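Report on the structure given below.
The values are calculated or read from the model by the stated rules, or taken from the named source; none is laboratory data. Only a predicted model underlies this, so the values are computations on that prediction, with no experimental measurement involved. Using ideal geometry, Cβ is built from the backbone for each residue, glycine included, and neighbour counts are taken over all protein chains shown. SASA here: full protein model, heavy atoms, side chains in, ligands and nucleic acids out. Shrake-Rupley method; radii C 1.70, N 1.55, O 1.52, S 1.80 Å.
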Amino acid sequence: MRVALDARSLASPVLRGWDRYTVALVQGLQARGVEVVLLHRARAPLVELHLDHVPCEIVGLADRGTLWWEQVAVPLALRAHRIDLYHAPTEYGVPFAAPCPVALTVHSATAHSYADLIRRGLLPGTLADYVGPDADPYRLTFGALYWRAQVARADRILTPAEFCRHPVVEFLPVHAERVSVTPLAVPHQFLRPPSAEGARAATLARLGVRRPYLLYVGGYERHKNIAGLLRAFALVRRARPDLSLVLVGGGAPPEEVRRALEALGLAAGRDVVLLGGLTPELVDLYDAAELLVTLSWRESFCLPALEAMSRGVPVVASAWGATAEYVDGAGRLMDPRDTRAAAGAILELLEPGARRTAAEQGPRIARGFSWDATTDATLAVYERLIAERRS
């Protein structure tokens, strides 16, 4: 079997959740004898570090823009390389004229879900307050129509959790039989033993992080509710002034985050450490953290929560996302609107007994998620699609 994947996002120096998914999936497929071809824009080469120990074929395709690359360059490459199936693992990139079956992974129907939360009165304001001014999925823009056409064209939709499967079926809409759940798992780097204390301390010192601290790992997008997290932390600091908060984002924090810090009387670099562009240092940051805290309005999986649990770090997370499917006794699930209750949950979990109990549960739960299972489930979808095309 020869499978091609859209690997454009691996040109970024920082791996986001769906990038970790792509890399782990490629490794699993290669281990099962599948020939994998990674397609990317020739002018945006992939970061070699991301593909360490992944000896697959990498093909850079010349392009004249996104639309041309997806709808002209990719179909031509699929024919030229005799590909049996094409997989777009990061929510976009489906070629309409593909000569083979196409699988599309939709990690989150974010804008549709937020529109529903606002309609039901669970969130105030407008959709632009949570996902930005240009993300209304019901506006008849070219971008919205193009993405809907890609979803409709895909032969099978994959989602990382049941929580994400439901809005895909309800809002996009996609027939339930076309959607398969293939859960994420802990990236391989989180399976290694803890660093020696001296090495970990050196990593923290280099990053300007002091213990004890709470940790957030994720993006700075509006729907991540960073402002709510900062308000909860400000309340926690009244009881625990020794604590700092470390925010690890995919890039530089937006100005609104810095304004929120100023409004709460929190000093960047002292009370709140703002970091970005980290990958190898993440394990040490998790291992030294007191808790992982994420109050996103809605997460379709929240891989950082599972990463933290795998390292025995308790989690305080939003109850509105997929974390409700697996956090269980490894932390506390909170209404993300209630920052006072979130602060209380943080302080409760910082108590030695509660923290120890949650820390013991995390690794056990995390072991129930494996990339082997994800790869096997994904490969079963590939085989079924190829068989259907050939019949």
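Rounded to whole Å, give me the distance from the Cα center of region 251-328 to that of region 29-100.
32 Å
Just how large is the dipole of the chain about the Cα centre, in debye to the nearest 20, putting +1 at every Lys and Arg Cβ and -1 at every Asp and Glu Cβ?
Result for the chain is approximately 300 debye, rounded to the nearest 20.
At a 1.4 Å probe radius, carbon and sulfur cover how many percent of the accessible area of the chain?
54 percent
To check my understanding: the extent here is largest minus smallest coordinate of the Cα atoms along each principal axis. What are those three numbers for region 100-161, in Å, largest first?
Largest to smallest, the principal-axis extents are 44, 28, 16 Å.
Can you give me the accessible area per residue for region 192-316, using a 1.4 Å probe, in Å²?
I get 35 Å² per residue for this part.
Calculate, in whole percent, how much of the Cα-Cα pair population of region 291-345 lies beyond 17 Å.
Here the tail beyond 17 Å accounts for 23 percent of pairs.
Per the Kirkwood formula on distinct C-alpha pairs, the Rh of region 281-391 is how many angstrom?
Result for region 281-391 stands at 15.1 Å.
Would you mind putting 192-198, 309-315, 275-281 in packing order, based on average other-beta-carbon counts within 10 Å, highest first?
So the peptides 192-198, 309-315, 275-281, ranked by packing, come out 309-315, 275-281, 192-198.
When only alpha-carbon atoms count, how far does region 328-370 stretch along each of its three principal axes, as whole angstroms with the largest first?
Cα extents, longest axis first: 34, 23, 9 Å.
Skipping prolines and chain starts, which residues have an amide H placed within reach, meaning under 5 Å, of the one on Leu85, given they are 5 or more residues away or on another chain?
Distant-sequence amide H within range of Leu85: Arg2, Ala4.
With viscosity set to 1.306 mPa s at 10 °C, what whole-number translational diffusion coefficient in µm²/s follows for the chain from Stokes-Einstein and a Kirkwood radius over Cα pairs? All intermediate terms of the calculation are to be shown ahead of the outcome.
Working: Rh = 21.9 Å.
Calculated translational D: 73 µm²/s.
Would you please give the residues with an amide H less than 5 Å from that of Thr105, counting only those at least 5 places away or on a separate chain, with H modeled from the backbone geometry?
Ala88, Thr90, Glu91, Leu158
Using just the helices of the chain, give the 222 nm mean residue ellipticity in deg cm²/dmol: DSSP H runs with n ≥ 4 each add -39,500 (n - 2.57), and the total is spread over all residues, rounded to 500.
Result for the chain: -12000 deg cm²/dmol, rounded to the nearest 500.
In a GNM of the chain with a 10 Å cut-off on Cα contacts, which of Leu127, Leu191, Leu350 has the highest mean-square fluctuation?
In this elastic network of the chain, the residue with the biggest mean-square fluctuation among Leu127, Leu191, Leu350 is Leu191.
Sort the following peptides by mean Cβ neighbour count (other Cβ atoms within 10 Å, averaged over residues), highest first: 210-219, 373-382, 98-107, 131-140.
98-107, 210-219, 373-382, 131-140
Given a cut-off of 24 Å, what percent of all Cα-Cα pairs of region 221-367 lie beyond it? Please list the in-between numbers first.
Values: 2697 of 10731 pairs.
Within region 221-367, distances greater than 24 Å cover 25 percent of Cα pairs.
Among Arg298, Arg222, Arg240, whose mean-square fluctuation peaks in a Gaussian network model of the chain (Cα, cutoff 10 Å)?
In this elastic network of the chain, the residue with the biggest mean-square fluctuation among Arg298, Arg222, Arg240 is Arg240.
Give the whole-number value, in cubic angstrom per residue, of the convex hull volume spanned by the C-alpha atoms of region 1-90.
83 Å³
On the Cα set of region 166-211, report Rg and Dmax in Å, please.
In order Rg, Dmax, the Cα atoms of region 166-211 give 20.7, 54 Å.
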